[in-house]
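Only one structure is covered here, and it is reproduced in the block below.
Nothing in this text is a laboratory measurement; each read-out follows from the coordinates by a stated rule. Nothing here was measured: the structure is a model prediction, and the numbers come from that model. Positions of Cβ are generated from backbone atoms using ideal geometry, with glycine treated the same way; all protein chains shown enter the neighbour counts.
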Amino acid sequence: MTLTPKTFLTVGVSASARNIGAVERFLRGLPSDHDMTFVLVVGGHGDAGDLAATLGEMTPMRVMNAADGQRLEKRTVYIAAEDGALSIKNGTFYLSPPSETSDLRPADTLLSALAKDQGDHAAAVILAIPDGMLGAKAIKEQGGLTLAQASDTASAESGFFHNALRESVIDITEDAERMGQRLADYARGFLLLADLERDDDHVDRILDAARLSICAVLKDHTGHDFSGYKTKTFLRRVRRRMQLKNIEKIEDYLDLFEKDEAEVDAFYRDLLINVTSFFRDARAFEILAGDILPRIFKNKRATDSVRIWVPGCATGEEVYSIAILVREYLNAHDGPKPRVQIFATDIDEDALTVARAGRYPDILLEGVSAERRRRFFTREGAAYVVKSDIRELCIFSPHSVIQDPPYSRMELVSCRNLLIYFGPELQNRVIPTFHYALKPTGYLFLGTSESIGRHTDLFTPVDKRNRIYQASPYANPTSHLRHFFGDGPAVTRNGGGRNEGQRSSSFALTTNVEKQVLEHFSPPHVVTDKDGDIVYYSARTGQFLEAQQGLPNRQLLAMAKYGLRLELRSAFAEAVTRGERVVHDNIAFEQAGERTQLVRITVEPLRHGKDDANPLYLVLFEKTGAKPEPADRQTPPPGTDAIASLERELQETRERMHSTIEEYETALEELKSSYEELMSVNEEAQSTNEELEASKEEMQSLNEELGTINAELNSKIEELGRVNNDLKHLFASTEIATIFLDRKLVVRIFTPAASGHFNLRSHDVGRPLTELSSTLDYPDLAEDLETVLNTDTGLEKHVQQEGGSRTYMARILPYRTADGKTDGAVFTLTDITNLKEAEEHQKVLISELNHRVKNMLAVVAAVADQMLDSSSSVEQYHGALVGRLNAMSRAYVLLSREQWRQTSIRQILTAGLEPFSLPRITLDGPELKVAPESSLALGMVVHELATNAAKYGALSTSGGKVEVTWLVSDGHFQMNWQEKCETPIEAPERSGFGSSLIKGEISYRLGGTFETEYAASGLIATISIPFEKLNAAEE
């Protein structure tokens, strides 16, 4: 019972470059007095030397890159490369040969090697899920400690793993900075619990008593008996729980175990160790697929059934692996497809829940090829779900291989890596159970570390290396199954039944019997099968046989009269056993009203030319005379003959008594055999009941799946309803008339805007569009729709509303289905009246602009010529010309901003006066708008007045002001320009070019008058223009 300890705890750490901060927090959180060593694998970090230098600043421990031949030493951090070539054996790093290189992630490969090498003195720290999770499973299986970062295990990325498998793999979920103390406490437990490893009889007795007490509590709590669990493994689990709880004495842990149900559950989960994987030991599964399955399915018909049992199935990976092989075999071979049932059982309900769901994160499918993932799984996010053609083969149900009756009639039992946890006694119970469950020559599939032990009489090896065995058809396992069948004698579970089809027909049998009887005998006789059931009667058998009360019975021994039964039973049993003729003489037989007769009974095998597998027996009854009465007997004289006669009689009596005893023992054995047969039938009934329960669970699971599908369907319907409402609101909000038509131009659906053009109502859905009246001037509509349907090409056309008040863009497009097929047309109407008006207006503007540019250029040329005559110098000419051109430019800018529409008087004045002292100019008048042509003329007039004021008038001095007012009176527009100067202004001797230009613009262009008055305060100019002239250009 001694447990060999290692010298220190070796911790494998899986991290990634993106969360290197977690590694820093983990290292900084380690206590200073620990003796642990660390092997670090950081994914995505290329430069190992740079990483070693970085981590060396975070911890006082030595930090170095792991190398081939380097031994593990305590208080050291080893950084393993990402190439996965390094492994660990006997506490030393070594380079793995290419043949041993795994397809797993580097962290999983190294942690798995660490688990195999260090056993329960290994620990796993997962800082980056999913890297390292398979390695953590391996460490957990070996009894080591597993930790995961709290913030990472709760991430959405690992949500499925967190919900389904976290409790079975991760022991402690903790923040990175607190993990170090938990590891140190756990490592310290190896020293504190050294008593559990001491080789001492007293300690052994204490530990054994504690083990039995824990088993008793477990049995009360879970209903399962773990007393047959391997003692060494069991105590390792106890020690592990004590380390996790920081308990030093076994008595204290017992006290906690009896009071804390949560600890019982945790210990129960530790014992179960639901660690499995898809196609574990790939070579063994290749042998199963290539050699064993073809044997199982050979000569199977469609009406046959292939039954497979997977006890201890855990979370179902092994079950689905076998189901995939079966499905691949069935798909690859033509011919009849027998019904396949794979019964998967376990005592762990949580694991069965995971197995029934058939949903696994992608990390757990490392052993499944890409082709098998594509064929047998459906990708849903970060998980894979088993497809229905695999799931329907599997039936999951709770079952204990130790205490529940076994399944039966199995072609294959796959029990891998379960027996390694059982002690010798349990193994000696379970292996015969598997033999009983199998059909003759069925197959047993064990793990690579397991064997059939001493039960070589029950199984013969098929592939010893891969632990595949075949049941011996002649062995009888019931002698090993006393825990199920009691202590009765063994019975053969595969005994043949009666086969009426192989018996002789009545005519042929009668002929054969009469021939043989006529040759040897002529007394009454019957023919029976080997079970004593009569198949033929001769005449005159009534004096020896009679029907019994109750249901009809053809059993010979039951019909024999009282005096014949004992001798008849003995003779018949002897004939069946020896297979030859048996004769019993001088059997006293009493008949009513007659003297006691002596009868000879002869039983011999009947040679009837049939298969000897179901032999028949001829039973003859022959009277040999009456039994002498006492008065008829002569008293023999005393002497040697009398003594010899008594001795013969005594010998006959002894033989008869011995025969009676044998008959009794035979009857007792038959009763026990019947009892065992009843037990077997009961087990069959139990198996059937379990199958029914499993079917019920399957139905419940199916019902739940249907409920889920129904909920999803309702959700989709609601979502479809929302989308439909969104589309309705979209159609309504766009105000675009849209009509969906089928190939016969029948209305499928339409938007509300379409009702204004075709007088559509909701009940018009299903009517041809061509039958509906329309407000459009579109006589070719039906023809255009047919053209689009025939050519599969869209069409656009401008159409007018009747009366020409509105213009629409009619667009007809083919309606295509998801597969690209044209299944109708979509007709839309878009109101483009404003767009057409804008286009027409744009054309007018362009024409107007061309005209006005020509006129303006003519005006500019004329003004330039006249100014040249009136200018005294080039500078004067240049300044005046530039000023007038800028005035014209400002007018054009204003008109362009207003899109050459009417412009307000205030905007014209403001734009013209902007270059001058605008704050000293007062504008007052109503809001009036004038045509573009008038705007240009008024702009030139305002510029000339303002230029004159700046040179000679009010704006030439600092204190001068100008007031501009305007109004409309008696159909005339009047504008007054009044200057207010600080000094009097004299009237000019002659009019300049500016005055001429103003008069020309007012009188010639606008048909108005321009008058000036030079008052003492300054110039007063009055402009009067007919108001309709100002708007004439707008028409």
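Annotations for the structure displayed:
- With θ taken as phi - 60° and the Karplus curve 6.51 cos²θ - 1.76 cosθ + 1.60 applied, the whole-hertz 3J(HN,Hα) list for the stretch 346-355 is 6, 8, 9, 5, 5, 5, 5, 4, 4, 5 Hz, x standing for glycine and proline.
- Environment charge at residue 402 (Cβ cut-off 11 Å; Lys +1, Arg +1, Asp -1, Glu -1): -2
- Applying a DSSP loop filter and a limit of 15 other Cβ atoms within 10 Å to the GluC sites (Glu not before Pro) in the stretch 790-841 leaves 802.
- Within the straight-line cut-off of under 16 Å between alpha carbons, the lysines reachable from residue 961 are 951, 980, sequence neighbours fewer than 8 places apart in one chain being disregarded.
- Amide hydrogen proximity for residue 396: with H placed 1.01 Å from N in the peptide plane, the residues at 5 or more positions away or on another chain lying under 5 Å are 344.
- Residue order, fewest to most surrounding Cβ atoms within 10 angstrom, among 943, 224, 584, 333: 333, 224, 584, 943
- Estimated vicinal HN-Hα couplings, Hz - the stretch 684-689 in sequence order (Karplus 6.51, -1.76, 1.60; Gly, Pro = x): 4, 4, 4, 4, 4, 4
- Prolate/oblate/rounded label for the stretch 282-485 (Cα gyration tensor, a/c 1.5): prolate
- Cβ-based exposure ranking for 538, 570, 14, in which fewest neighbours within 10 Å come first: 538, 570, 14
- Neighbour net charge for residue 302 - beta-carbon separation under 11 angstrom, K R +1, D E -1: +3
- Straight-line cross-link partners of residue 744 among the lysines, defined as a Cα under 25 Å from its Cα and at least 8 positions apart when in the same chain: 728, 797, 821.
- Here the residues 414, 645, ranked from fewest to most Cβ neighbours within 10 Å of their Cβ, fall in the order 645, 414.
- Of 298/530; 337/387; 439/696; 530/561; 219/439, pairs whose Cα-Cα distance is over 23 Å: 298/530; 439/696; 219/439
- Amide H contacts under 5 Å for residue 597, placed H, 5+ residues apart: 589, 590, 591, 627
- Protection proxy ranking, peptides 402-413, 923-934, average beta carbon neighbours within 10 Å, highest first: 402-413, 923-934
- Euclidean distance of C-alpha centroids, the stretch 290-338 and the stretch 637-697, integer Å: 43 Å
- Long-range HN-HN contacts of residue 1015 with modeled amide H, under 5 Å: 1020
- Each residue of the stretch 285-297 was assigned a 3J(HN,Hα) from its phi angle through the Karplus expression (A = 6.51, B = -1.76, C = 1.60, θ = phi - 60°), giving 5, 5, 5, 4, 6, x, 10, 7, 4, x, 5, 5, 8 Hz with x at Gly and Pro.
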